[in-house]
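Worksheet: the structure to be examined is printed underneath.
Values in this text are rule-based calculations from the coordinates and carry no lab data. Nothing here was measured: the structure is a model prediction, and the numbers come from that model. In this analysis, Cβ positions are derived from the backbone assuming ideal geometry, glycine residues included, and neighbour counts consider all displayed protein chains.
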């Protein structure tokens with residue numbers, strides 16, 4: 001509903017929209033009561049001209065109010081000094097009424113405004129002035145019952161009470177469910193008090209699992225090495241080579257000594273065949289060949305030594321694997337038995 005008030009008491013020109021229950025507040029002499037009086041004047045009429053606005057001691061010619069809602073447009077003009085061309089009137093949806101009096105409310109009834117004449121008082125449910133009692137809130141039960149009887153809203157109140165009770169019951173049911181959920185949530189929360197302990201156990205189990213995985217990898221590696229040992233063919237190691245003792249002096253010293261030797265003649269009394277003179281070149285060639293043979297023997301000895309060390313390492317690893325496995329995966333006999341060890345070494 002849209003309301004416009006002009007030249008009414010303290011109000012020069014004011015427009016506002018009303019939707020549902022509206023409370024008007026403000027400082028003194030702002031025009032609060034004037035606005036409500038203007039609405040009441042449009043609905044029920046106001047005698048006299050003392051509500052027309054005065055400015056600097058001079059009264060305006062007229063005061064007016066217009067009210068519009070979705071179905072009705074109402075205009076009411078109050079003239080201070082009637083004269084030709086200027087008179088008080090009420091216009092509703094384009095129909096103008098000039099003869100107004102105490103029955104003005106009959107014309108404005110379509111707007112929904114109505115005075116209620118009770119046994120001891122008269123109430124206007126739609127408008128409460130500044131000093132009027134708040135509608136029904138300060139009334140006794142008899143007055144309330146009489147108002148609802150006049151308004152014909154008893155069925156509406158009963159239905160409202162039924163719906164309110166239904167909402168209340170529904171809210172109580174929801175409250176019970178929420179209380180049950182809350183109790184269950186508290187119980188569930190208490191079951192999680194041991195989360196730190198479970199976390200510690202989980203960390204320990206994870207570490208143990210990692211250790212087990214490492215042991216599994218080592219065991220798989222050991223089984224792989226055992227398969228390689230099974231594939232090895234038995235080989236008889238040669239006897240250690242006996243190397244000649246190193247001389248007290250070097251080969252060069254021997255050569256120098258040989259070169260210093262002088263041939264000797266045998267005594268005539270015991271003739272013996274004289275050996276041919278020593279051929280130095282042949283001797284040097286022989287010494288060189290001998291040196292090469294010794295170097296080959298040394299290289300062969302080093303190869304045999306390396307092969308012997310590798311065989312010893314494989315033998316040590318085989319014994320370690322046998323201790324870890326305990327039993328043979330093929331014949332399922334214990335490696336602790338000397339016969340089993342002899343059979344495996346032979347095979």
### Query
Using a Förster distance of 30 Å, how high is the FRET efficiency between residue 71 and residue 175, based on the Cβ-Cβ distance and rounded to 0.05?
0.10
#### Entry: Inter-label distance for residue 225 and residue 260, nm, one decimal - labels placed 7 Å from Cα along Cα-to-Cβ
5.9
### Message
Multiplying the sequence separation of residue 23 and residue 166 by 0.36 nm and subtracting their Cα-Cα distance, what value in nm do you get?
### Response
48.4 nm
### Query
Convex hull over the alpha-carbon atoms of the stretch 61-120: what's its volume per residue in Å³?
110
## Note on the structure
Ordered by fewest other Cβ atoms within 10 Å, a rough proxy for footprinting exposure, 75, 206, 301 read 206, 301, 75
### Message
What does the extension gain come out to for residue 60 and residue 184, with contour length at 0.36 nm per residue minus their alpha carbon separation?
### Response
37.2 nm
### FRET E, pair residue 215, residue 304, Förster distance 56 Å, beta-carbon r, rounded to 0.05
0.90
#### Entry: Ranking of 58, 305, 32 by count of other Cβ atoms within 10 Å, fewest first
58, 305, 32
### Message
For a quick size check, give me the Cα extents of the stretch 2-113 along its three principal axes, largest first, whole Å.
### Response
39, 38, 21
### Query
Listing 69, 13 from the residue with the fewest other Cβ atoms within 10 Å to the one with the most, what is the order?
13, 69
## Note on the structure
Quick calc: nm separation of the 7 Å Cα→Cβ label points for residue 33 and residue 93 -> 3.6
### Query
So how far apart, in nm, are the two label points at residue 159 and residue 208 if each is 7 Å from Cα heading toward Cβ?
7.2
#### Entry: Segment residue 12-residue 315, length gained on full extension (0.36 nm per residue, minus Cα span)
97.1 nm
